[in-house]
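Contents: one structure, followed by commentary.
Rule-based calculations on the coordinates, nothing more; no lab input. Quick caveat: nothing in here was measured; it's all calculated off a predicted structure. Virtual Cβ from ideal backbone geometry, glycine too; neighbours counted across all protein chains shown.
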Amino acid sequence: MRPEFFRVPLLVLTALAAAAVAQAAQPLARPAAEAPVNARDCLGTQIWIERDDTRERIDRLFASAAASGHGWVRIFLMWPWIEPTPGQWDFQRFDWAFDAAARHGLRIKATLTCNSGPWHVGTPSMLHSHTGFLAPEQREPMRRYIRRCVERYHRHPALGQWILWNEPGDSADPTAERLKFWQDWL
């Protein structure tokens with residue numbers, strides 16, 4: 001092969017390398033100024049709604065969260081308080097919470113407590129259970145509870161997010177069947 005044959009590709013490679021070196025020598029461009037972060041979009045708190053809370057107390061709690069600069073409030077939609085007896089649904093305190101959040105410009109992260117059902121379902125008696133799995137006979141009542149909560153609040157202006165399962169990694173009972181149920185359900 002003739003040396004001239006290699007000359008053109010070698011010149012092209014040399015030119016490309018020179019361009020790359022020249023570009024690397026340039027100072028890095030700074031990114032365009034980012035919009036300032038609104039703390040209310042990022043900060044939140046948890047408000048525990050008590051079974052005997054009044055509308056006034058709930059409103060004061062949400063007013064205080066807003067005045068403190070929070071934009072989000074996490075609440076637990078306590079199934080035992082919402083369905084204290086089979087088929088008797090009482091969302092009053094949670095309605096007050098959602099309405100107070102909207103009034104004070106807050107978004108709600110609503111935590112469903114389907115793993116901590118009422119006594120009549122046979123779930124653990126703790127209000128805030130860490131088990132994420134229910135026995136097959138408890139699943140239909142769980143579906144009804146979830147459906148009732150979602151139908152009631154999915155269009156509420158204060159709803160920002162659902163939390164489906166509190167502390168899922170703390171469960172000691174993840175059988176293959178139960179894991180499949182949750183995966184299929186999600």
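Ordering 91, 98 by the number of other Cβ atoms within 10 Å of each residue's own Cβ, fewest first, gives 91, 98. Between the amide H of residue 108 and those of 73, 159, 160, 161, distances stay under 5 Å, these residues lying 5 or more places away or on another chain, with hydrogens modeled in the peptide plane. The listed peptides 141-151, 50-60, ordered by packing as a protection proxy, come out as 141-151, 50-60 (highest mean of other Cβ atoms within 10 Å first).
Shown for 90, 184: other C-beta atoms within 10 Å of each C-beta, ranked fewest to most, produce the order 184, 90.
Given R₀ = 35 Å, what would the calculated FRET efficiency be for residue 68 paired with residue 90, taking r from the Cβ atoms and rounding to 0.05? Taking R0 as 35 Å, the efficiency between residue 68 and residue 90 is 0.75.
What's the exposure ranking of 108, 82, going from fewest to most Cβ atoms within 10 Å?
Ordered from fewest to most neighbouring Cβ atoms within 10 Å, 108, 82 come out as 82, 108.
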